[in-house]
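Q: Got a structure here, written out as structure tokens. Questions coming.
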Amino acid sequence: MAELGPVGWPPAPIRTERLVLREPEARDRTAFIELFASPEVAAHLGGPRPRAELERAVPEVPGRRPGLFVVDLDGAMIGTVTFGRRDAERPGHVRPDAGEAELGYLFLPEAWGRGYAAEACAAALGWFADAFPGEPVVLCTQTANVRSVRLAANLGFTEVERFEEYGAEQWFGAVTTPVASTKTG
Ligand SMILES: CC(C)(COP(=O)(O)OP(=O)(O)OC[C@H]1O[C@@H](n2cnc3c(N)ncnc32)[C@H](O)[C@@H]1OP(=O)(O)O)[C@@H](O)C(=O)NCCC(=O)NCCS
């Protein structure tokens, strides 16, 4: 996936009710390695990467690029929310010129089931709507990734199409007006 493109980056940290969305820092390195090494996180993303390989490959300050937010709970990273540009040669598009902004999210398993991903993604979509007014955002996730499809629907994404890629059925959706989660609990 290509980088997001011209945008003022990094923005000031974004505060939600429980979370902060901010740029990565050196202290997040362990959590980044944890994310990519976790079998649960990678279950629908091609499988985990060996921890030893990650220890060698992950830079001192990982993930510093326009469109990548670290999600911080009480001073510790619990996941990432990312925007990139969807490659033209992949299936799934809503614009004739392709290059759609695409949302991605990865959270550590211990942070699942608390609404943190929904809260962080809603805030990130709000930032995106200000930075790129009127642009749609797309999202692609395996149909089997039930939590992810549920989160996408909760954020206001609607299904555009399904297709086969990487040997699995993919759910491809889009949102034009970001809608924040209204669920509480
Ligand atoms: C996809 C993923 C981010 C979803 O995480 P999640 O925690 O299930 O998502 P949400 O933030 O929407 O949380 C919903 C859950 O929180 C619960 N919840 C608790 N308090 C809540 C609150 N205040 N607001 C909303 N939901 C709340 C909901 O009831 C729901 O629980 P359930 O899972 O038992 O039904 C996570 O599973 C993940 O990181 N997966 C691996 C990476 C991946 O596959 N990414 C997709 C590639 S794009």
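Q: Pick from R86, R56, R22: which is most flexible by mean-square fluctuation in a GNM of the chain where alpha carbon atoms under 10 Å apart are linked?
A: R56
Q: Sticking with this structure for a sec: In the Gaussian network model of the chain, springs joining C-alpha atoms below 10 Å, which of A120, A88, A174 carries the largest mean-square fluctuation?
A: A88
Q: Something else about it: Rounded if a/c is under 1.5, else prolate if a/b beats b/c, else oblate: with a ≥ b ≥ c from the C-alpha gyration tensor eigenvalues square-rooted, which is segment 75-185?
A: Verdict is oblate for segment 75-185.
Q: Take each complete run of DSSP H in the chain, measure how far its Cα atoms stretch along the helix's own axis, and keep only those covering 18 Å or more with mean Kyte-Doolittle hydropathy at least 0.5; list them.
A: Membrane-span-like by this rule: 116-131.
Q: Here's another thing I want to ask about it. When a/c reaches 1.5 or more, the comparison of a/b and b/c decides; with that in mind, is segment 1-103 rounded, prolate or oblate per its Cα gyration tensor?
A: oblate
Q: If you don't mind, there's one more thing I want to ask. 222 nm [θ] for the chain, helices only, -39500 (n - 2.57) per DSSP H run of 4+, per residue, to 500?
A: -6500 deg cm²/dmol
Q: Any idea what diffusion coefficient the chain gets from Stokes-Einstein, in µm²/s, Kirkwood Rh on alpha carbon pairs, 20 °C, 1.002 mPa s?
A: Stokes-Einstein gives a translational diffusion coefficient of 127 µm²/s.
Q: Additional query: Springs between alpha-carbon atoms under 10 Å, Gaussian network over the chain: tell me which of A111, A124, A152 tops the mean-square fluctuations.
A: Result: A111 has the largest fluctuation of those listed.
Q: Can you classify segment 58-106 as rounded, prolate or oblate using the Cα gyration tensor, where a ≥ b ≥ c are the square roots of its eigenvalues, rounded means a/c under 1.5, and otherwise it's prolate if a/b beats b/c and oblate if not?
A: prolate
Read-outs throughout are calculated quantities, based only on the coordinates presented, and are distinct from any laboratory measurement. Keep in mind the model is a prediction, meaning the values are calculated, not measured.
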